[in-house]
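S.K.: My questions all concern the structure below.
We did not get these values from a lab; they are worked out from the coordinates using the rules stated. All values reported here derive from a predicted model rather than from experimental measurement. Cβ atoms come from the backbone with ideal geometry, glycine included; neighbour counts cover every protein chain shown.
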Amino acid sequence: MWLAQGLGSVLCRGGAWRKKTRPHVKGAGEEPRGPAPLGAKLTTRRSVTSCEGNSFTLAFDFERWQPPPSPLLALCTFLVAEKHAGDRSPWKPYLEVLPKAYSCPVCLEPEVVELLPGPLKAQAQEQRARVQELFTASRAFFSSLQPLFSEAVEGVFSYSAFLWAWGTVNTRAVYLARGRRPCFSAEPDTCALAPYLDLLNHSPAVQCSSQVDAAFNEGTRCYEIRTGSRWGPREEVLICYGPHDNQRLLLEYGFVPPRNPHACVHVAQDVLVQYLPAADKQTGRKSSILEDHGFTENLTFGWDGPSWRLLTALKLLCLRAEEFPRWKKVLLGETVSDANEKTSLDVAQKICRHLIEETDAVLQKVSRMKAKETALVTQLTLVETLRTEELKVLQASADILHRLLAASA
């Protein structure tokens, strides 16, 4: 098989691949194309055809299972079984270079998750609940596979093994649209693992270019990445998973890049209203308007200060009673009054200071925990990196707000 014979020498380190996005590439060379043959991809079709072709000793008859498993469950099941098969698996060269564990928040210890920023912590808890729910709902399916194993199936398809397989798919799958197979549920079957492409690492410095194209080529039956740029010998080719902030990268891939130009700090709803006048009887109505118009999420501080969405939300929340009838003008980006502009900047500055103090306090707590909880040092360092990067962003925003307020005085 090509994977076992041809990739053993090149799968020397792990990378990550953005699932379901079109990547951007940095670097190039004499041949500006990086193809990954379809035969080297792990898809739901391969998870069925491999057993049908007797290429390994374990076989899954997905077509007999009712209700049919989802494509995600099929891939996870395949990965767990292939890893369990060890030397019998033709996918062993690929499986051996995959991480033994992942560092996405769903894989972190609960006490470490508690140290994450509020919005990210909520997302991590939701993600963990979804994974646990999928595992629990799949136990009957796993039990039906007992005839294929000499060991107890509960030991093969443990939660830790399933979490590893889920992490593999979630962090490394590429988008590959395929026709629905009747043996799977109606969920879109769009994920594939491409070991060769998995060698390409992420860099936030890679920019979108019209010279870059990445997609499955029906003619060559390869998933290809093309770039018109040039690269030098031994130069690493980097891709961009998309213009994601650090919280998104940590949630989906388990890492935090330094000096990410897309880094930002999200403001939770409870913090958003924390510094508004307590006597404002219209705060509830204003919050409802923001929710109805989609202004309760993606309110952020960035390297260039508070986002337009954050300032717009604050301007509406800071409207005085006589200004409130003109709230629609605020959402359209119009200025209602100089006083409203200054008040919203004042509140933004208070929120920014609050987040700086909160982040600094968490960093001190992480430092103390690293000295005591040696088993959690790696996970704590990940949180420390995220919080340190966010502190830099908040300090940059604080400087900008200080200048804006000084100019409006």
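S.K.: Report, please, the projected area of the stretch 264-408 averaged over directions, based on the convex hull of its C-alpha atoms, in nm². Mind showing how you got there, number by number?
M.R.: Details: hull surface 37.8 nm².
About 9.4 nm², averaged over all directions.
S.K.: Can you pull out the GluC sites (Glu not before Pro) in the stretch 72-127 whose DSSP state is coil and whose Cβ has at most 14 other Cβ atoms within 10 Å?
M.R.: Listed in order of number, the matching sites are E114.
S.K.: N217 to R326: extension gain in nm, 0.36 nm per residue of separation minus the Cα-Cα distance?
M.R.: Answer, rounded to one decimal: 33.9 nm.
S.K.: Give me the distance in nm between label points sitting 7 Å out from Cα along the Cα-to-Cβ direction at A122 and D87, one decimal.
M.R.: Placing both labels 7 Å along Cα→Cβ, they lie 5.3 nm apart.
S.K.: Let me ask another. If I take R0 = 56 Å and measure r between the Cβ atoms of K281 and K100 in this structure, what FRET efficiency does the formula 1/(1 + (r/R0)^6) give, to the nearest 0.05?
M.R.: Calculated value: 0.50.
S.K.: What does the extension gain come out to for Q274 and L405, with contour length at 0.36 nm per residue minus their alpha carbon separation?
M.R.: 45.2 nm
S.K.: For the stretch 264-408, what's the relative contact order in percent, using C-alpha pairs closer than 8 Å and at least 6 residues apart?
M.R.: Once divided by the residue count of the stretch 264-408, the mean separation gives 30 percent.
S.K.: Further question: So, with +1 on the Cβ of K and R and -1 on the Cβ of D and E, and no other charges, what is the size of the charge dipole of the stretch 210-333 about its Cα centre, to the nearest 20 debye?
M.R.: Working: 15 positive and 15 negative charges, 84 e Å.
I would put it at about 400 debye.
S.K.: What ranking, highest mean first, results for peptides 256-266, 395-405, 282-292, 381-391 when packing means the other Cβ atoms within 10 Å averaged over each residue?
M.R.: 381-391, 256-266, 395-405, 282-292
S.K.: According to the square roots a ≥ b ≥ c of the eigenvalues of the Cα gyration tensor, what is the shape class of the stretch 283-324, taking rounded for a/c under 1.5, prolate for a/b larger than b/c otherwise, and oblate for the remainder?
M.R.: Taking the square roots of the gyration eigenvalues as a ≥ b ≥ c, the stretch 283-324 is oblate.
S.K.: Subtracting the Cα-Cα distance from 0.36 nm times the residue separation, let me have the gained length for E357 to Q132 in nm, one decimal.
M.R.: Values: separation 225, 0.36 × 225 = 81.00 nm, distance 3.41 nm.
Separation in residues times 0.36 nm, less the Cα-Cα distance, equals 77.6 nm.
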